[in-house]
Amino acid sequence: MATDVIEQGECDAEELLGRIEGGDRIVVQTESFGGEHDLTLRFDGDVYYCDTPTRLHKHEDRDGMLECIRKYGFCET
């Protein structure tokens, strides 16, 4: 499993999701609430995960993860 670090908005949502589904762990560097934060996106084959500094989001399906990626602005839409 590769871990890639990208900046927020560096790729589009479908590309990001494809990379996660391909086995990559993606760390998205974001700026929010006056600071920089790393968010980790991953997929274990059954569940999609979005690890934030304050919460672990879990999504049971592709559409749920895609909505999360778009909602929180991790990538271009």
Report summary line: Per the helix-only model, the chain has a calculated mean residue ellipticity at 222 nm (DSSP H runs of ≥4, -39500 (n - 2.57) each, divided over all residues, rounded to the nearest 500) of -7000 deg cm²/dmol
Report summary line: Long-range share for the chain, i.e. C-alpha pairs more than 16 Å apart as a percent of all pairs, stands at 41
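Full extension from K58 to R70: what is 0.36 nm times the residue separation minus their Cα-Cα distance, to one decimal in nm?
2.8 nm
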Query raised in the report: Which value, in debye to the nearest 20, gives the size of the charge dipole of the chain about its Cα centre, when Lys and Arg are +1 and Asp and Glu are -1 at the Cβ?
Result: 260
Requested in this report: Mind giving me the nanometre distance, one decimal, between the label points for Q29 and E10, set 7 Å out from Cα along Cα→Cβ?
Outcome: 0.8
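We did not get these values from a lab; they are worked out from the coordinates using the rules stated. In this text the structure is predicted, and so the values were computed from the model without any measurement. Reconstructed Cβ throughout: ideal geometry from the backbone, glycine too, with neighbour counts over all protein chains shown.
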